[in-house]
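Below is one structure; the comments refer to it alone.
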Amino acid sequence: MLYFFKKYLGNVYAPIVWSLIIGILCCMPGSMLPSETHFTIPQFDKLVHISMFGGFVFLWNLYLSTRRNARDYRLLRLFFLIFILGVAFGIGMEYTQKYYIPGRDFDEADIIADMAGAGLAYGLSNILLLTNAQ
């Protein structure tokens, strides 16, 4: 399965597109978001945040691990840098929603979910991508 990810998602376009999707979704006005009326999943938005920022970190780390001149010790540092960037991106998006996006609010729990997603992806990247680095 890792071969599939490296083959189809290991190029630079996948993390760039994913990053743009996160930016677009986080900057949508509150009036454009669907409202839940009949069927609700508790804390579903936290799962979305975990997935968005976990995907951000994993896809960027996957791209870095497919580069030919990547070495384990350099990848470990780069993976941590991507983790920090993912957390900063999540925090920045929450403050952007608070001050600049109408109808959106600031939620500390969303920041925690962003950090959890980035942390899980960082751990998975270290386990899956560094052990299989060439």
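Every number in this text was worked out from the coordinates using simple rules, so none of it is lab data. Because the structure is predicted, anything quoted here is derived from the model rather than measured. Don't worry about glycine lacking a Cβ; one is built from the backbone with ideal geometry, like all the others, and counts go over all protein chains shown.
Springs join every pair of Cα atoms under 10 Å in this Gaussian network model of the chain, and among 30, 119, 86 the largest mean-square fluctuation is at 30. The C-alpha atoms of the chain define a longest principal axis, and helix 108-124 lies at about 20 degrees to it. 3J(HN,Hα) along segment 78-94: 5, 4, 5, 4, 5, 4, 4, 5, x, 5, 5, 4, x, 5, x, 5, 5 Hz, from the Karplus curve 6.51 cos²θ - 1.76 cosθ + 1.60 with θ = phi - 60°, whole Hz, x for Gly and Pro.
Given all pairs of different Cα atoms, what value in angstroms does the Kirkwood hydrodynamic radius of the chain take? Don't skip to the answer; put the middle values down first.
Numbers: mean 1/r = 0.0639 Å⁻¹.
So the Kirkwood estimate lands at 15.6 Å.
With a cut-off of at most 13 other beta carbons within 10 Å, and DSSP calling the residue loop, which chymotrypsin sites (Phe, Trp or Tyr not before Pro) in segment 63-134 qualify? Please list them. Can you show the working numbers first?
Values: sites: 63, 73, 79, 80, 83, 89, 95, 99, 100, 106, 122; in loops: 100, 106.
Filter output for segment 63-134: 100, 106.
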